[in-house]
Amino acid sequence: MISLNFSLSPCLFAILSLMLTTLCHSDSGKPNILVIVADDLGYGDLGFTGSKDVRTPTIDGLAAQGVVIENGYVTHSYCGPSRAGLLVGRHQARFGMENNVAYSPFDPHAGIPESEQTFAKRLKKLGYRTGIIGKWHLGAAPNHHPNQRGFDYFFGFLSGGHSYFPESESVTRSLFTASGEPDYMVNEGGYLPLVRNEKGAAHTHYLTEQLSRDAAEFVLSSEQPFLLYLSYNAPHAPLEAPADVIASYAHISDQNRRIYAAMIDVMDQGIATVVDALKASGKYENTLIFFLSDNGGVYPEEWMPEADWADNSPYRRGKVSLLEGGIHVPFVVHWPDQLPAGMRFRGLVSALDISATAVAVAGGEVHPEEMDGVNIIPFLRGERSGSPHTALFWRMEEADHLWAVRTLRYKYMNQTLPGVGKSFFDMQNDPFEAHNLINQYPDRQAELAELWNNWNSKNINNILLQAYPYQQRRRAFYDELYEERQRASRERKAYRVE
Ligand code: CA
């Protein structure tokens, strides 16, 4: 029989209270920061953004209990550059990173340049335990390993994509398909074993579930404050999901979309696991959570006509496009201790703001010459009015010069996709870009062009190749490639928008 004595002395009671307080909230009071990034998620594929056929109660709950950013954007319409900008908090064109980084373990130049600091590195200096769980995609050579870029803890994969089931793991698959073409997934390291810090790690569950479990463990085992970048590859291809979850989407007739919906569903369940861990450890109230996608969902462009499973509605096109479907993403900010519930914010917000906000709430200083983002918390708390940005900018150095600039009112862009081209939209009266007003407002167009040119004057030309499939083992090969690319970058003329 246990007998409890509640007649504690005031002094002992005070000590116990202090111990409990210390356990639940560290002395510093600094918030934990959890950045959850989905991969190629369609704008309209969540309950709170209008989906009728995908179940996302957890993400919808975060949206309902937090702030929905209505004009939330990423800096690029596909994975690598978007994530580079997000992690560094500077637009990736500032440091010449406008392509995906290939999985190149012997290429020390393929990755975020070492001149740049990730938000993890900045927060580590401010006393945070820092972790990344999931997809890295920002360099596979040892100098670019997450543990070298500010993260105390890494569990996941260095590549840009990964298969989902343990049984497909392989270190011996051929780099070429049966027809002799380079096999993209193999070259990208998409079947390699998972990694925990520097070592291989067991892969025992469906990947999204495994990442979520590890994230919950990270939350439970971390003293406050921590930063966790939970970088899902879901629902990026390959389309693979547990059979029972797919079966629960029998109401979706298209098979690809049924699997894709199941992938999102498992991600939502995984986020629930992490939220439960935050609540169980008393960290939920003082954890700042961001949720967003790294770019829009896939769209059946002519080079990939079968990629039709995502729904970016109400926006046009999708991944790879500078129309809204490629860059306007679901974006939630949730922090019970500091932010109102059920709020919708209409100012322009960029994924670049995540780094600046994280540094600011962690007690650091945000220097505009080091970071392009701003701390958005004062805007969301109503302490500052207006939009965090006057304008947002995009630049994609693909086959042609692709660019876009958006103010609260207008958007001016050029993209050489079929049926797009140079376009001017009134985003206030035509937020879904149905009516191209090109050359109808020349003065407004010139103003936006000037904004873009000013912004671009601080960028450098791209220095990365889509290096795939350069699976060479010679360091000299990559050194020569890099020097050639640097020279080409310097010699290319800067371009202006008219
Ligand atoms: Ca992506």
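Restrict the check to segment 103-116 and report whether at least one residue is within 16 Å of the ligand (Cβ to nearest atom) and in contact with a strand residue (DSSP E or B) (Cβ under 7 Å, 6 or more places away or on another chain). Outline the logic, then answer.
Step one: list which residues in segment 103-116 are within 16 Å of the ligand (Cβ to nearest atom), which gives 103.
Among the residues that remain, those that are also in contact with a strand residue (DSSP E or B) (Cβ under 7 Å, 6 or more places away or on another chain) are: none.
So far as segment 103-116 goes, no, none of its residues is within 16 Å of the ligand (Cβ to nearest atom) and in contact with a strand residue (DSSP E or B) (Cβ under 7 Å, 6 or more places away or on another chain).
Here is a yes/no grid of residues against (1) under 26 Å from E498 (Cβ atoms); (2) in contact with a Cys (Cβ under 9 Å, 6 or more places away or on another chain); (3) aliphatic (A, V, I, L, M); (4) modelled with pLDDT of 95 or more:
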position: S350; (1), (2), (3), (4): yes, no, no, yes
position: T357; (1), (2), (3), (4): no, no, no, yes
position: A362; (1), (2), (3), (4): no, no, yes, yes
position: H367; (1), (2), (3), (4): no, no, no, no
position: V374; (1), (2), (3), (4): no, no, yes, yes
position: L380; (1), (2), (3), (4): no, no, yes, yes
position: S385; (1), (2), (3), (4): no, no, no, yes
position: A391; (1), (2), (3), (4): yes, no, yes, yes
position: R406; (1), (2), (3), (4): yes, no, no, yes
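Determine whether segment 309-319 contains at least one residue that is of a type outside the set (D, E, K, R) and either free of Cβ contacts under 8 Å to residues at least 40 places away in the same chain or over 15 Å from G44 (Cα atoms) (or both).
Filtering segment 309-319 for residues of a type outside the set (D, E, K, R) gives 309-310, 312-315, 318.
In the following step, the residues that additionally are either free of Cβ contacts under 8 Å to residues at least 40 places away in the same chain or over 15 Å from G44 (Cα atoms) (or both) were identified as none.
Within segment 309-319 (the criterion being of a type outside the set (D, E, K, R) and either free of Cβ contacts under 8 Å to residues at least 40 places away in the same chain or over 15 Å from G44 (Cα atoms) (or both)), the answer is no, since none of the residues qualifies.
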Would it be correct to say that A360 is within 15 Å of N295 (Cβ to Cβ) and either assigned by TED's automatic domain parsing to the domain that holds A84 or surrounded by fewer than 24 Cβ atoms within 10 Å (Cβ to Cβ) (or both)?
no
Count of residues meeting criterion [more than 25 Å from E491 (Cβ to Cβ), of a type in the set (K, R) and surrounded by 23 or more Cβ atoms within 10 Å (Cβ to Cβ)] in segment 69-124:
2
Just to be sure I understand the filter: pairs with C-beta atoms under 8 Å, separated by 6 or more residues or on different chains, first member in segment 76-87 and within 11 Å of V101 (Cα to Cα) and more than 9 Å from the ligand (Cβ to nearest atom), second member hydroxyl-bearing (S, T, Y) and at pLDDT 95 or above. Which pairs pass?
P81/T75
Scan segment 381-438 for residues that are under 25 Å from the mean Cα position of the chain (by Cα) and basic (K, R) and report the count.
4
The condition from (1) of a type in the set (S, T, Y); (2) more than 23 Å from the chain's Cα centre (by Cα); (3) farther than 20 Å from K52 by Cα that S253 misses is numbered (3)
Quick test for you: out of Y232, Y153, Y184, pick the one residue that is hydroxyl-bearing (S, T, Y), closer than 29 Å to W309 by Cα and modelled with pLDDT of 95 or more.
Y232
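Could you tell me whether any residue of segment 148-159 is in the same structural domain as R122 (by TED's automatic domain parsing), touching an Asp or Glu at 6+ places or on another chain (Cβ under 7 Å) and crowded, with 19+ Cβ neighbours inside 10 Å? Can you show your working first?
From segment 148-159, those in the same structural domain as R122 (by TED's automatic domain parsing) are 148-159; that's our starting set.
With touching an Asp or Glu at 6+ places or on another chain (Cβ under 7 Å) added as a condition, the list becomes 155, 159.
Add one more test, that the residue is crowded, with 19+ Cβ neighbours inside 10 Å, and what stays is 155, 159.
Within segment 148-159 (the criterion being in the same structural domain as R122 (by TED's automatic domain parsing), touching an Asp or Glu at 6+ places or on another chain (Cβ under 7 Å) and crowded, with 19+ Cβ neighbours inside 10 Å), the answer is yes, since at least one residue qualifies.
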Which ones in segment 296-310 are closer than 16 Å to P235 by Cα and within 16 Å of the ligand (Cβ to nearest atom)?
G296, G297, V298, Y299, A307, W309, A310
Considering (1) closer than 16 Å to W136 by Cβ; (2) of a type in the set (S, T, N, Q); (3) buried (at least 18 other Cβ atoms within 10 Å of the Cβ), say which one S281 fails and leave the rest.
(1)
Surrounded by fewer than 22 Cβ atoms within 10 Å (Cβ to Cβ) and either in contact (Cβ under 8 Å) with a residue 12 or more places away in the chain or more than 28 Å from K319 (Cβ to Cβ) (or both): is that true of A141 in this structure?
yes
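Run down S313, S293 and say which single residue is within 13 Å of the ligand (Cβ to nearest atom) and closer than 24 Å to I246 by Cβ. Write out each step before concluding.
Details: S313 fails: within 13 Å of the ligand (Cβ to nearest atom).
Among S313, S293, only S293 is within 13 Å of the ligand (Cβ to nearest atom) and closer than 24 Å to I246 by Cβ.
The values are calculated or read from the model by the stated rules, or taken from the named source; none is laboratory data. Only a predicted model underlies this, so the values are computations on that prediction, with no experimental measurement involved. Cβ sites come from the backbone with ideal geometry, for glycine too, and all protein chains shown count toward neighbours.
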